[in-house]
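The values are calculated or read from the model by the stated rules, or taken from the named source; none is laboratory data. Quick caveat, the model's predicted, so the values are computed rather than measured. Glycine gets a Cβ as well: all are built from the backbone with ideal geometry, and neighbour counts include every protein chain shown.
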Amino acid sequence: MYRHPARVFARIGGDGPAPPPRTVLGRAVVLGASMAGLLAARVLADHAESVLILDRDDLPPDARPRAGVPQGTQMHVLLPAGRQQIERWFPGFSREALVEGAVLVTAESRRTYHDGRRKVRGSDVDMIAASRPFIEALLRRHALELPNVTLRHDRATGLAIGGGAVTGVRHDGGTVPADFVVDATGRSSRLGDWLEQAGWERPPMRRLAIGLNYATALFRRTEEHPVPNAVLAGCSAERGGDVAGAGLSAIEGDRWIVMLGGYGHCRPGRDLDDLLRRCREDFPPEFGRVVRNELLGPVRTYRQADSRRRDFHRLARLPGGLVAVGDAVASFNPIYGQGMSSAGLHASCLSAYLRSGADPRRPAREFFALQRVVVDAAWDMSTSADLARPSVTAPRPRGYRLSRWVSNQIVAASVTDPTIARRFDAVVEMRSHPRSLASPAVLARAVRVNAIRPR
C-alpha cells in the first residue's frame, strides 16, 4: 500500500498526452470489448506488436444495447475524470462525440439538488451526456482504427499457463497464444475459476449487498439547447431512507433520459404510471416538465444485488502476464457513476506499469498496487454512503459513525458553500482523492457553514 495514495491518485489521473510507444510484448489479448477492455487495448497498442480483443457478443456496428452489458439501457454518467482519460488515449473523442449528437453539459446548464434543495455551483468542468451504447460504440470504432488492434467474436473459456506465466487464452475455437492477457469481462468474470482450476489462487472477493433498483425511460426532446440539460436530485439516507434519488439529461438522438433509483424493496418507477407520478410529485419540477414529452419505448429496469471487488493485490501467488481491469476487479453501486471513469483510470495504471520497466512476464504486482489506489478511493466512497441506507444491513466498520458524521457535515455544507462544493465535486467526479476532503480546515469550514445555515 502506498503511503501517500492521494499523490498517487493525482499522478494516475493526470491529463498529459499519452507518452510515446514502447514495444515490450508480442501479442496481447484482451477479454471483453467493454469500456475497460477497449481502453486497455488502446494502452496495449503502444506496447504490443498486436492486440486481439475477444468478446462473446456479436457486436453491433452502431450504438445499440447488447447482451453483455445488461445495464446499458440505464442512465450513465461520464464523469470528468473518465472524459479526461478517454481524451488522453483518444484525442479528439469529445469533439467527435458532440458532432455526432452527444450533449455538452456545462456548469451553467446543469443543476444538482440534495434533499430537495438546489445546491450552489461547484465544479466548473464540462461533462458529456450520451447513452452508454453511444459512448461504447464510438470508443470501439476508435480502438479498431488502430493498425495493430483486431476484434474477434468468440468466447474465452480459460487460460493456458506455463513456466509461471500465462501463455495463451482458451476459447471456443481453440487456444490463441498470448504474451499478456487482460481480463475485462465484467463483474461476472470467471478469472478466479480459471486460476483455481489451473492450481493457482483465486483472488479473495468482498461483497456488499445493496439491492439497488433502477428504472429508466426515454422521452422525446424538442428543444435543441435546453437549460438545464442535466439534473441530479439526490436523497440522503436521513431524509430519503431507501429512495436514492433521480437523474435526467439530454442525450443524442433528440432524447431525454430519466432515471429513478432505490434500495431494497424500494423500486421507484417500476412501471410507467409510478415513474410519471414520482417525477411529478417527489422530485424537482424539471422532472415533471421532461416527462410531459412523448415516451419513447418501455420503462427499462435493472437490479444490482451487490457491490463487489476482487483483491488481486492480496494474492501470494499470481501467474505473470495477467491483469484485470474494470468491473472484473471492482463493480460499485452504479448510482455514483464511477464505472466508466474507473475504467479510464485503470488504463492509465496499466500504462504506468508497462512504462515502468517492470518485466511484463512476471506477476504484475506493481500494476495491482497502483490500481488498488483507484479501487480503494471509489469503493470507500460508495460503500460508506450505501451503509447509511436502512435496507443495507452489513456490519459497519470500526469508526463508521465518526466517518459518517464527517461525510454528512461536508455534504450538507456543499449545498450552500461554493468552496466546499468545489472540493466535494472534485472528489465525486473522481478528479481528486477522497482524502482531499479529510483535512481539518475543510471539516472546520463545513461545521461553521452548517452552524449558520438556515434550517
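Quick look at the values:
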{"read-out": "Residue that is over 30 Å from Pro17 (Cβ atoms), crowded, with 24+ Cβ neighbours inside 10 Å and out of contact with any helix residue (DSSP H, G or I) (no Cβ under 8 Å at 6 or more places or on another chain), where the choices are Ile420, Ile335", "value": "Ile335"}
{"read-out": "Some residue of segment 156-177 being surrounded by 20 or more Cβ atoms within 10 Å (Cβ to Cβ) and assigned to a loop (DSSP other than H, G, I, E, B)", "value": "no"}
{"read-out": "Exclusive hit being part of a helix (DSSP H, G or I) and modelled with pLDDT under 95, set Glu224, Glu238", "value": "Glu238"}
{"read-out": "Flag if Leu151 is under 27 Å from the mean Cα position of the chain (by Cα), more than 30 Å from Ser384 (Cα to Cα) and not β-branched (Val, Ile, Thr)", "value": "yes"}
{"read-out": "Subset of segment 438-451 (residues that are surrounded by fewer than 22 Cβ atoms within 10 Å (Cβ to Cβ) and assigned to a helix (DSSP H, G or I))", "value": "Pro440, Ala441, Val442, Leu443, Ala444, Arg445, Val447, Arg448, Val449, Asn450, Ala451"}
{"read-out": "Among residues of segment 311-331, those that are on the phi < 0 side of the Ramachandran plot and in a helix (DSSP H, G or I), counted", "value": "5"}
{"read-out": "Leu276 modelled with pLDDT of 95 or more, aliphatic (A, V, I, L, M) and assigned to a helix (DSSP H, G or I)", "value": "yes"}
{"read-out": "Qualifying residues in segment 1-55 (those that are among the basic types (Lys, Arg), over 23 Å from Ala160 (Cβ atoms) and out of contact with any Phe, Trp or Tyr (no Cβ under 7 Å at 6 or more places or on another chain)) - the one surrounded by the fewest Cβ atoms within 10 Å (Cβ to Cβ)", "value": "Arg3"}
{"read-out": "Every residue from segment 126-143 that is buried (at least 18 other Cβ atoms within 10 Å of the Cβ) and not small (Gly, Ala, Ser)", "value": "Met127, Ile128, Arg132, Pro133, Phe134, Ile135, Glu136, Leu138, Leu139, Arg140, His142"}
{"read-out": "Filtered residues of segment 62-81 (kept if modelled with pLDDT under 75 and of a type outside the set (A, V, I, L, M, F, W, C))", "value": "Asp62, Arg64, Pro65, Arg66, Gly68, Pro70, Gln71, Gly72, Thr73"}
{"read-out": "Residue count for segment 199-220, restricted to those that are more than 17 Å from Ser188 (Cα to Cα), touching a residue at least 60 places away in the same chain (Cβ under 8 Å) and more than 19 Å from the chain's Cα centre (by Cα)", "value": "6"}
{"read-out": "Count - residues of segment 402-455 that are among the charged types (D, E, K, R) and under 26 Å from Thr106 (Cβ atoms)", "value": "6"}
{"read-out": "Within segment 149-180, considering residues that are in contact with a helix residue (DSSP H, G or I) (Cβ under 9 Å, 6 or more places away or on another chain) and touching a residue at least 24 places away in the same chain (Cβ under 8 Å), the one farthest from Arg56 (Cα to Cα)", "value": "Ile161"}
{"read-out": "Residue check for Val51: β-branched (Val, Ile, Thr) and either touching a Gly at 6+ places or on another chain (Cβ under 9 Å) or more than 20 Å from Ser341 (Cα to Cα) (or both)", "value": "yes"}
{"read-out": "In segment 339-359, the residues that are surrounded by 22 or more Cβ atoms within 10 Å (Cβ to Cβ) and within 24 Å of Ile161 (Cβ to Cβ)", "value": "His346, Cys349, Leu350, Tyr353, Leu354"}
{"read-out": "Pick from segment 82-108, criterion among the small types (Gly, Ala, Ser) and surrounded by fewer than 20 Cβ atoms within 10 Å (Cβ to Cβ), ranking: farthest from Pro20 (Cα to Cα)", "value": "Ala107"}
{"read-out": "Matching residues in segment 251-278 - criterion: being of a type in the set (Gly, Ala, Ser) and in contact with a Phe, Trp or Tyr (Cβ under 6 Å, 6 or more places away or on another chain)", "value": "Gly261"}
